[in-house]
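Notes for the one structure printed next.
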Amino acid sequence: MDGNGYVTTFSEGKCYILKNGKPVAEGQRRGKSYCVALQPDKYGEGHAAVVTANHKLWHQRLAHLSPSNLLKLSKMVDGMTSLEDQGNASSEFCETCVQSKLTKQPFNGTRPPTTRVLERIHSDLCGPIRPTAYIRLNTSLL
């Protein structure tokens, strides 16, 4: 807003938005934030931005919620445009969802069973570890 010539001032629990010294909107403090109400009848022409959200945008905003749950949610809340009129969203491709569903396949080969004690040992190397041990080792075999 600053780049478009608007100035915002905060005073005594109120917020004023001015353009060229003339008030455009005002708001009241509610808790730790300010609620700005646009009043075209009080300040003349209203200034607001409207975004038409589609399935894909709501899907991304709501942590990649499934199309069926998006449709249910759009019927339950105010302020969310009805997604029912926008057609079927299940056909839209979401690369993030596809990547999150990829899993590593199990190993194909099997190893023959061991016949003696300690024939096969599974271990892990941990380190570097600070502080260094008294014998100047900073790794550990687990």
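The values are calculated or read from the model by the stated rules, or taken from the named source; none is laboratory data. Just so you know, these numbers come straight off a predicted model, no measurement behind them. So basically every Cβ, Gly included, is an ideal-geometry build from the backbone, and we count neighbours across all protein chains shown.
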Which residue pairs have Cβ atoms closer than 6 Å, lie 6 or more positions apart in sequence or on different chains, and pair a first residue in the stretch 55-83 that is on the phi > 0 side of the Ramachandran plot with a second residue that is at pLDDT 85 or above? HIS64/CYS97
Can you give me the number of residues within the stretch 1-21 that are within 11 Å of TYR34 (Cβ to Cβ) and assigned to a loop (DSSP other than H, G, I, E, B)? 1
If you check ASN4, ASN20, which single one turns out to be modelled with pLDDT of 80 or more and surrounded by fewer than 12 Cβ atoms within 10 Å (Cβ to Cβ)? ASN20
Note down all Cβ pairs under 7 Å where the first residue falls in the stretch 94-117 and is under 28 Å from LYS56 (Cβ atoms), the second is modelled with pLDDT of 80 or more, and they're at least six residues apart or on different chains. CYS94/HIS59; CYS94/HIS64; THR96/HIS64; CYS97/HIS64
